Amino acid sequence: MVKEEMSFDSGMTSANCAVFDKSCSLVFVASEDASIKIFNTQTREKETELKGHEGAVLDLCWDNSPDSCLISAGEDASFKIWQ
Amino acid sequence: MTNEPHMIPKRERFNPALNETFEASGPHLSHLKTYKGHLQSITALSYNPKKDIVATASDDTTWKLWSIPNGDLIMSGEGHQDWVGGCAFHPRGNLLATASGDGTVKIWDFVNACCAYTWSEHGQPVWKVAFHDTGDFLLSCSMDHTVKMWDLNMEKSRFTYRGHVDSVNSVSWQPYTQVFASGSGDKTVSMWDIRTSQCVQTFYGHQNAINSVRFNIRVSSPSCVTFSRREIELCPLHRTASRKCGTCAWSKKRCPSTVG
């Protein structure tokens, strides 16, 4: 059986997409408020926010490289690479 | 298309991620580059499993391929009549599937630069698509409350998964298995097994519509599904904004399965 293990509150804003990093220790959340929120699954705390998009962030993905770049895309018709 | 249905595997495949250790990506990420190239919102991303190429899907009815990290535009796909909400690369990297507000799912063969198939059985907008790791099957989820599974050898859908009572907004395969999760506007996540075509389990807990369902890459250790939610007050037709939000992780205590 599957149980809810943890839950993160990203505030009064929609979470449009959530992805684990490859180590599964962080969850990256694409937020309607134009930020990417990073939660730690060990401490269950919010780590930080990545800012830069000028509209809602709609999707996230990882590249294939070992040092894992994050790619984000959103309403501002752009996509960004984070390293 | 041969019209010979693909066999649904009975056993799970080996998950290569189990043999690897990954360092935490860290909250230390910093912004590297920004690329503009669409006329409207980019709704979805997919990273090519074989090459350093990312696909973007957009409200401007097109999809595009970009080389990473230099951001050169490689190809642009036109053909959908309405927004494109989802895109996914085939595991071999030679095909791209897209889901659109025009109610169709298209498979693009970008090696031959053409639209290989158009599947239009969903009567309503299609949000997202996901390829099975074998590359033989594709899932699509739609505002028509269903998930459909398509066989790349068949012109018609292989199966329609019914059970949700609102739009199905997201669909994701549990890596290297025959199980997938769907997240819906009805605030539930359901797990389905394509061998039995049955709903295995439904999770309740979110207080708003579910936007996104994702697995972590390790299947056998406690595996997690994450998702988020949104309010159902519709803003634009195909995407809703909401004021309250959460993300949940779910775990399944289960022994690693044998590898076929």
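The numbers here are math on the coordinates, done by the rules we state, and not lab data. None of these values were measured; they are calculated from a predicted model. Glycine also receives a Cβ, built like all others from the backbone with ideal geometry; neighbour counts cover every protein chain displayed.
Of B:Ser190, B:Ser67, the sequence from fewest to most neighbouring Cβ atoms within 10 angstrom is B:Ser67, B:Ser190. Counts of other chain beta carbons within 10 angstrom of each beta carbon in peptide B:194-203 average 1. Averaged over peptide A:33-41, the number of partner chain Cβ atoms lying within 10 Å of each residue's Cβ comes to 2. Let me make sure I get this right: for the stretch B:26-131, a, b and c are the square roots of the gyration tensor eigenvalues over alpha carbons, sorted descending. Under 1.5 in a/c it's rounded, otherwise prolate if a/b > b/c, else oblate. Which is it? The shape class here is prolate. Of the trypsin sites (Lys or Arg not before Pro) found in chain A, those in coil by DSSP whose Cβ has at most 13 other Cβ atoms within 10 Å are A:Arg44, A:Lys51. Summing Lys and Arg as +1 and Asp and Glu as -1 over all other residues whose Cβ lies under 14 Å from the Cβ of B:Asp136 gives a net charge of +2. The phi torsions of the stretch B:172-185, fed into the Karplus equation with coefficients 6.51, -1.76 and 1.60 and a -60° offset, translate into couplings of 8, 7, 5, x, 6, 10, 9, 10, 9, 10, 10, x, 10, x Hz, rounded to whole numbers, with Gly and Pro shown as x. Let me check I've understood the local charge: for B:Gln81, count other residues with C-beta under 15 angstrom from its C-beta, Lys and Arg +1, Asp and Glu -1. What total comes out? Taking every Cβ under 15 Å from that of B:Gln81, the sum is -4. Close amide H contacts of B:Leu32 (hydrogens built in the peptide plane, cut-off under 5 Å, sequence separation of 5 or more or a different chain): A:Ile81, A:Trp82, A:Gln83.
Summing charges over neighbours of A:Asn40, with a neighbour being any other residue whose Cβ is under 12 Å away from its Cβ, gives 0 when K and R count +1 and D and E count -1. The mean number of Cβ atoms from other chains found within 10 Å of a Cβ in peptide B:69-81 is 1, as a whole number. Taking all Cα pairs closer than 8 Å and separated by 6 or more residues, the relative contact order of the stretch B:2-86 comes to 19 percent. Its Cα gyration tensor gives the stretch A:15-82 an equivalent ellipsoid; the semi-axes, largest first and in whole Å, are 19, 15, 9. Sorting B:Thr202, B:Thr43, B:Thr61 by the number of Cβ atoms found within 10 Å of their own Cβ, with the fewest placed first, yields B:Thr202, B:Thr61, B:Thr43.
Between the amide H of B:Thr62 and those of B:Val84, distances stay under 5 Å, these residues lying 5 or more places away or on another chain, with hydrogens modeled in the peptide plane. Of the residues B:Ile53, B:Ile42, A:Ile81, the one with the fewest other Cβ atoms within 10 Å heads the list, and the complete ranking is A:Ile81, B:Ile53, B:Ile42. Only one residue of B:Val179, B:Pro69, B:Ala130 has its Cα farthest out toward the positive end of the dipole of the stretch B:69-186, where Lys and Arg carry +1 and Asp and Glu -1 on Cβ, and that residue is B:Val179. The amide H of A:Glu47, built 1.01 Å from its N in the peptide plane, has A:Ile38, A:Phe39, A:Asn40 as neighbours under 5 Å, considering only residues 5 or more places off or on other chains.
How would the stretch B:67-200 be classified by its alpha-carbon gyration tensor: rounded, prolate or oblate, with rounded meaning a/c under 1.5 and the a/b versus b/c comparison settling the rest? Here the stretch B:67-200 falls in the prolate category. Across all C-alpha atoms in the protein assembly as shown, the radius of gyration and Dmax reach 18.2, 52 Å.
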